[in-house]
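Have a look at this one.
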Amino acid sequence: MAEHGQLEERALIERCRKGDDAAFGELVDHYKNLVYGLVYRMVSDRSRADDLAQEVFLRVYRGLPYFRGEARLSTWIFRIAQNVCTAARSRRPADVSLDQDDEGRRRYEPAANDNAFGGLELRDRLEKAIAQLPEPQRLLIAAHYLEGVQYETLAELMNIPLGTVKTHLYRAKKRLRELLDA
Amino acid sequence: MTCDDVLEIVEAIAAGDVEVDSTLRAHLETCPRCASTLASARRLETLLVARAKPKAPDGFTQAVLARIRQEQWQSEERVDRLFNVAIVIALLLVVGSVIALTNVDAALGAAGTVWGMVASASGQAVSAAAPVFLTYVAAIGLLMSALVMWWWADRRVSL
């Protein structure tokens, strides 16, 4: 079944290389949610994510003639997305935390049982905590909780052993807990 | 089982990668610290799973294809501009060659003392071949322009 998928993938790449726009459209349709989801989670801005995700596919289009097929297409696209996100982050100043003042002190302490704002506030704090993770951990957290991205897929996408994926994810989550509990 | 053992795998338990067996359950029931840490890890897991899964906006594929077409158009425009420049250079070479052919003495004169030195040094044979030489230069210029244009065109097709 996987072999059949790979054959289809190769056929699609060949059609794209021959300048078949419809084939490239199929490729974009297939990977757009993975790429957009990942980019959005890395930059947290819809219009920027839209622009950067398009940039990923432009690079894919330009690079397809040189794609040798040593890695899977999804792995290659994922790496391009990763590079685009890293470059975008390096061009942009660090995000300013809304619940810390200029010297890094918390502006307010949320009540332990603040149910009215608890959910929203917690999600907001989670996003800020994720933003503080090192880039590889951020990427893992961003990709792992996208639709259908399992450990095996991540290991393949990032070209690292399955055990390493799990270890990095556990460490990232431990760090997130520490940041949220702080 | 010690607290350290549990805290080591607490994220794996929360993610459902490690099953809670009887030993682990027994420890969790008697250790409020580990139980609380596990509860915190599970809350985080729930939050991460519930995190919004953004989908590409409608018309995303069309927007990508439009950007590709725009980029191709810009690239072709650049090639067109360079093509026009190459044509102008080729025309100048042809016109220059025709002028040189119709008025060899003036052309040689315009070449100045350098040409004279070369001509005198290489003797009568070079002087005789000079008009043909200019034609060769023009022909090589035209050939080079054609080769460069062919290379660009071939590069575009392969992309």
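Would you be able to tell me the number of residues in segment B:14-25 that are open to solvent by less than 50 Å² (accessible area, probe 1.4 Å) and closer than 14 Å to B:Thr2 by Cα?
1
Then there is this: Is it true that A:Arg48 is of a type in the set (D, E, K, R), within 15 Å of the chain's Cα centre (by Cα) and at pLDDT 90 or above? Talk me through it step by step, then tell me what you get.
Working: of a type in the set (D, E, K, R): yes; within 15 Å of the chain's Cα centre (by Cα): yes; at pLDDT 90 or above: yes.
Here the answer is yes, as A:Arg48 does meet what is asked.
Here's a follow-up. Using the structure shown, decide if A:Gly104 is at pLDDT 50 or above, over 18 Å from the mean Cα position of the chain (by Cα) and not basic (Lys, Arg).
Working: at pLDDT 50 or above: no; over 18 Å from the mean Cα position of the chain (by Cα): yes; not basic (Lys, Arg): yes.
Answer is no for this residue.
What's the number of the only condition in (1) surrounded by 13 or more Cβ atoms within 10 Å (Cβ to Cβ); (2) at pLDDT below 90 that B:Leu28 fails to meet?
Just one mismatch for B:Leu28, condition (2).
I would also like to ask the following. I'm trying to understand the selection: among the residues of segment A:64-87, which are away from every other protein chain (no Cβ under 14 Å), open to solvent by 50 Å² or more (accessible area, probe 1.4 Å) and under 19 Å from A:Glu14 (Cα atoms)?
Selection gives A:Arg68, A:Glu70, A:Arg72, A:Trp76.
Within segment A:153-170, how many residues are at pLDDT 90 or above and more than 8 Å from chain B (Cβ to nearest Cβ)? Show your work before the answer.
So the first thing to find is which residues in segment A:153-170 are at pLDDT 90 or above, and the list is A:161-170.
From what's left, more than 8 Å from chain B (Cβ to nearest Cβ): A:161-165, A:167-168.
Total satisfying the criteria: 7.
Here are the criteria: (1) at pLDDT 80 or above; (2) of a type in the set (Val, Ile, Thr); (3) open to solvent by 50 Å² or more (accessible area, probe 1.4 Å). Tell me which single one A:Val96 does not satisfy.
With respect to (1) at pLDDT 80 or above; (2) of a type in the set (Val, Ile, Thr); (3) open to solvent by 50 Å² or more (accessible area, probe 1.4 Å), A:Val96 is out only on (1).
If the Cβ limit is 7 Å and pairs must be 6+ apart or interchain, which residue in segment A:20-44 that is more than 9 Å from every other protein chain (Cβ to nearest Cβ) and at positive phi pairs with which residue that is of a type outside the set (A, V, I, L, M) and part of a helix (DSSP H, G or I)?
A:Ser44/A:Glu127
Now for a separate question. Among all residue pairs at least 6 apart or on different chains, which show Cβ distances below 7 Å where the first residue, located in segment B:40-60, is in contact (Cβ under 8 Å) with a residue 60 or more places away in the chain and the second is open to solvent by 40 Å² or more (accessible area, probe 1.4 Å) and among the β-branched types (Val, Ile, Thr)?
Nothing qualifies.
Step by step: first the residues of segment A:127-152, then only those that are free of Cβ contacts under 8 Å to residues at least 24 places away in the same chain and touching a Leu at 6+ places or on another chain (Cβ under 7 Å), then the one that is farthest from the other protein chains (Cβ to nearest Cβ). Which residue is that? Let's see the steps before the verdict.
Step one: of segment A:127-152, the residues free of Cβ contacts under 8 Å to residues at least 24 places away in the same chain are A:134, A:145, A:148, A:150-152.
From what's left, touching a Leu at 6+ places or on another chain (Cβ under 7 Å): A:145, A:151-152.
Values: A:Tyr145: 5, A:Tyr151: 8, A:Glu152: 13 Å.
Among them, the one singled out is A:Glu152.
The values are calculated or read from the model by the stated rules, or taken from the named source; none is laboratory data. Given the structure is predicted, the values throughout are model-derived calculations rather than measurements. Neighbour counts run over all protein chains shown; Cβ positions are idealised from the backbone, glycine included. With ligands, DNA and RNA removed, areas are computed over all heavy atoms of the protein, side chains included. Shrake-Rupley method; radii C 1.70, N 1.55, O 1.52, S 1.80 Å.
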